[in-house]
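Following: one structure in structure tokens, then a few remarks.
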């Protein structure tokens, strides 16, 4: 009980605090051993004018009650105050407007009985103290060289991947430790510490951005998680955070800008992590955990992954594949948004948290594994259905029907335990190439960026190492060199092509007799043999256009 | 209660971002209205059985994402679509100006026989909120595109049913026309076949002697 209180009551431990509630933590320190995990310095800070609450005026949620699983700085004080008043003066005639779950989602009354009939989802979301102790013991054991009490400051910023850790993540990260552990599992903490620009600076830089992206973000803010009290109207606790976070992301990654769907992931993160942490986890997702062109203007990466999925279904689930093929169903129509939102738009939050535990540990292979497992569970039902509309409906309903995560993970192990990252990568490369060939017609020199890059570009905020320098001298890491060299050469070609197009565009715009010229590249050999003499003649005459311009 | 549905029509709802496509589909299928919807990522799917002059017809409605980057995926959506509801927002001039883009998109990707209906959404707003007035909408549409046009309101439930029912009726008429054409051809082919058979029969008798 005490631990439960320390987890969900006023004395919320580490990572669940924003700067101002530090005092609160001190008062909550009692003889409990868990409190050695208190942060030395409060780690979560919110930028901007987020309402700060002091220990006096805060109404904490009831243990296991509505809003109990979300980070305290997101608590909607108005609703919580109403709820506690209702508890104090029990008025039998008073019906609350809505009920909310632990995560702040509105529970539709008509869904009530249906929800509770589901096995896992009907269990209250309260952490098992044993489970938490087990994790703390693991962390202390792996940091045994530390003398004295272990604080989060002394825990490695990346956790070494051990079989023990993998096993423990598979059985779930204790919810109270999720903020700290997600940061360390995903690599977000490392990214945050090594970044040459702070989140605060990014927020500032992106705040006076009055571009189209900001307009679109504004339109979507209330269309992201409308059923959650933290995101349901412009005064909700989560909305200013979501706005700043999405703008900063769009600013940092000009190749992506704002992509619908990312807001859904960000909003889900914001429920549990402070704003700045959520931001760096988002950066890790788009830079490292997912392939580079996932959210790019062409969505090439996520499209390629749909083809990878189709290939994996054919390999691992021939039965399902037969049904899909017989009824001519395009699986990507159903699965694309699962992938774009990392399942946050379709899975119940309790299931999603467990999936993301694994995703932050193992990366994008997990989304394929979990899709295959979900399809496997439905295989018998899919085979029994008669027409394509029924099958299509059944397929779209699959994630919403998942209610037993242990079963899901077990099936995952059985169905595609042998799937490796290398296999996924190989498929990805092949399908990306196919897609680029298919889209050949779409690759249009009028677009400013049109070829997928191997690595996602950040907006340059500090002087980077030159591409040539990197190519010639390489990184410090020798083993990765060969692979990186390939990647860099491709990058270099992409940049070169882009530069040529830009030069071409420049001359087209300043000289009248070039206006009708086509910038479409001619890669044919005939074209080449035609160009060569002309090029040589120009080179011989030493008539250099660029020099003349100087 | 099981209804014996005679046919299923696949209908696609397309248009710019934030014009109210999801809202329109919900209004039609669930007869409900909410102020906000989750932005559609990729595609959503709903169905409704309508009574079309006494005949039950199932409408399979595909609600698409309006955001530009999701448009690269549209070729897959268009496959097999028999009807399209093209939506714009009367308070958003851009969404009206983009109609020609969408029509070109339909031409490039959908079957040439696809039936289209145009819907100007959010018509419950007052005149100064409007960016496209009704007369202008009608005029441009009559001049440029020859397709049925409705101003609709999901909030006020104006013309929502009519839009989809008109589309369904057009699809039905097209199918019937095609079916009768097919029968005619069948008949014509059948007559020919008989003649051929006769000829063949006479030939064979000839050959046997």
Ordered by fewest other Cβ atoms within 10 Å, a rough proxy for footprinting exposure, A:388, A:171, A:418 read A:418, A:171, A:388
For segment B:1-153, the Cα convex hull volume per residue in Å³ comes to 128
A student applying the Cα gyration tensor rule (rounded when a/c is under 1.5; otherwise prolate if a/b is larger than b/c, oblate if not) would label segment A:184-308 rounded
Under the rule rounded for a/c under 1.5, else prolate if a/b exceeds b/c, else oblate, using alpha carbon gyration tensor axes a ≥ b ≥ c, segment A:368-444 is classed as oblate
Dividing the mean separation of Cα pairs under 8 Å (6+ apart) by the residue count of segment A:327-409 yields a relative contact order in percent of 40
Of all DSSP beta bridges with both partners in segment B:1-94, the antiparallel percent, nearest 5, is 45
With 0.36 nm assigned to each residue of separation and the Cα-Cα distance removed, residue A:149 to residue A:208 gains 16.8 nm
In degrees, nearest 10, the alpha-carbon axis of helix B:21-30 is tilted away from the dominant principal axis of the alpha carbons of chain B by 70
Label model pair residue A:393, residue B:79: point-to-point distance (7 angstrom along the Cα→beta-carbon line) in nm is 2.2
Proxy exposure order for A:262, A:298, B:166, A:235 (fewest C-beta within 10 Å first) is A:235, B:166, A:298, A:262
Bridge orientation stat for chain B from DSSP, antiparallel percent rounded to 5, came to 35
All alpha-carbon distances of segment A:230-365, grouped into 5 Å bins from 0, give the whole-percent distribution 2, 9, 17, 21, 19, 14, 8, 5, 4, 1, 0
On the formula 1/(1 + (r/R0)^6), with r taken between the Cβ atoms of residue A:426 and residue A:171 and R0 of 30 Å, the FRET efficiency rounded to 0.05 is 0.50
In nm, the gap between the two label points placed 7 Å beyond Cα toward Cβ at residue A:86 and residue B:108 is 5.2
Quick note, segment A:183-251: a/c under 1.5 would make it rounded; otherwise a/b > b/c is prolate and the rest oblate (a ≥ b ≥ c, C-alpha gyration tensor); here it is oblate
Between the Cα axis of helix B:160-208 and the main Cα principal axis of chain B, the angle (0 to 90°, nearest 10) is 10
Most fluctuating of B:38, B:147, B:171 in the GNM of chain B (C-alpha, under 10 Å) is B:38
Here the gain from full extension of residue B:34 to residue B:177, 0.36 nm per residue of separation minus their alpha-carbon distance, amounts to 47.6 nm
Counted neighbours (other Cβ, 10 Å), sorted fewest up, put B:26, B:128 in the order B:128, B:26
Plugging the Cβ-Cβ distance of residue B:134 and residue A:511 into 1/(1 + (r/R0)^6) at R0 = 45 Å yields, to the nearest 0.05, a FRET efficiency of 0.45
Expected unfolding gain across residue B:94-residue B:169 under the 0.36 nm per residue rule, minus the alpha-carbon gap, is 24.0 nm
Rounded to the nearest 0.05, FRET efficiency between residue A:459 and residue A:418 (Cβ-Cβ, R0 45 Å) equals 0.65
Pseudo-spin-label distance residue B:125 to residue B:144, built 7 Å along Cα→Cβ, given in nm, is 1.8
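Here, each number is a calculation from the coordinates, and none is a lab measurement. Keep in mind it's a predicted model, so treat the numbers as computed, not measured. Note: ideal-geometry Cβ built from the backbone for every residue, glycine included; neighbour counts use all protein chains shown.
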